[in-house]
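In what follows, a structure is listed as structure tokens, so that the remarks can point back to it.
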Amino acid sequence: MESSEDTLLYEGKAKKIFTTDHPEVVRVAYKNDTTAFNGEKFEQLEGKGRLNNKISSFFFEQLHQQGLRSHFVETLSETEQLVRRVEIIPLEVVTRNVAAGSLSKRIGWEEGKKLPAPLVEFYYKNDDLGDPMLADAHIHMLGLASESELAELRQQGLAVNDCLKQLLEPCGILLVDFKLEFGRDAEGNLLLADEISPDTCRFWDAATQARLDKDRFRRDLGGVVEAYEEVWRRLTEGVK
């Protein structure tokens, strides 16, 4: 399915998307580029693309076994995977279990405080506007998703949350929060898309609350790739 004639369709901050010889399947190549604050902070970290590809592929495969549909088809190489072609909905679906990051700043709760119940929030995927949080009324006004799709996005966020926690808790990893993206395929089906990795999730060591995610880059903590390697090590040992 991969050929030398594949055409670059899109290049984002962390991935490149290429055509394949199948019109409804594309090739995703994970990059070592690491960004934060809408691209204001940038660095190349050797090995990050490989780890995000492996971790994301692992999660997509595990979710599939639980009956949760995504765009994922198969892993191609250390840094590449095949996925179904979708039109991305410009909404970031953020599910939170523990106060951290922007939520802590917004409501004044200290980082690490457990929420009474998982919280699903929506953010407008728009760098120029700083990815603002949206209420349902804003989403309907902008025509980003129908009422039924919005309900499905909430349900999917909670379902993925349950599955990820079941995978991570035995590995000693606390799932603080995570960002999902969804897209519509050629038949209009809503599919989980993008990636699920330490770039898009907050993973903390359950015992020490040490960061095992991109906050190490955002906050200049160092050891970014080593933290991602630790997540991958625990995941692979956890399924033996």
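The values are calculated or read from the model by the stated rules, or taken from the named source; none is laboratory data. Computed from a predicted model, the values in this text were never measured in an experiment. Because the Cβ atoms are built from the backbone with ideal geometry, glycine has one as well, and the counts that use them run over all protein chains shown.
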Residue count for region 1-10, restricted to those that are part of a strand (DSSP E or B) and modelled with pLDDT under 95: 1
- request: Please give the number of the condition residue 52 fails out of (1) surrounded by fewer than 21 Cβ atoms within 10 Å (Cβ to Cβ); (2) touching a residue at least 60 places away in the same chain (Cβ under 8 Å).
  value: (1)
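One line per residue, one yes/no per condition, for (1) among the basic types (Lys, Arg); (2) at pLDDT below 95; (3) assigned to a loop (DSSP other than H, G, I, E, B); (4) in contact with a Gly (Cβ under 9 Å, 6 or more places away or on another chain):
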position: 17; (1), (2), (3), (4): no, no, no, no
position: 27; (1), (2), (3), (4): yes, no, no, no
position: 35; (1), (2), (3), (4): no, yes, no, no
position: 51; (1), (2), (3), (4): no, no, no, no
position: 56; (1), (2), (3), (4): no, no, no, no
position: 68; (1), (2), (3), (4): no, no, yes, no
position: 78; (1), (2), (3), (4): no, no, yes, yes
position: 81; (1), (2), (3), (4): no, no, no, no
position: 112; (1), (2), (3), (4): no, no, yes, no
query: Across region 83-106, which residue is nearest to residue 218 (Cα to Cα) among those that are among the hydrophobic types (A, V, I, L, M, F, W, C) and outside any strand (DSSP E or B)?
result: 100
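Table: residues versus (1) closer than 19 Å to residue 181 by Cα; (2) basic (Lys, Arg); (3) not in a strand (DSSP E or B).
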{"site": "115", "(1), (2), (3)": "no, no, no"}
{"site": "118", "(1), (2), (3)": "yes, no, no"}
{"site": "123", "(1), (2), (3)": "yes, no, no"}
{"site": "128", "(1), (2), (3)": "yes, no, yes"}
{"site": "138", "(1), (2), (3)": "yes, no, yes"}
{"site": "149", "(1), (2), (3)": "yes, no, yes"}
{"site": "153", "(1), (2), (3)": "yes, no, yes"}
{"site": "158", "(1), (2), (3)": "yes, no, yes"}
{"site": "162", "(1), (2), (3)": "yes, no, yes"}
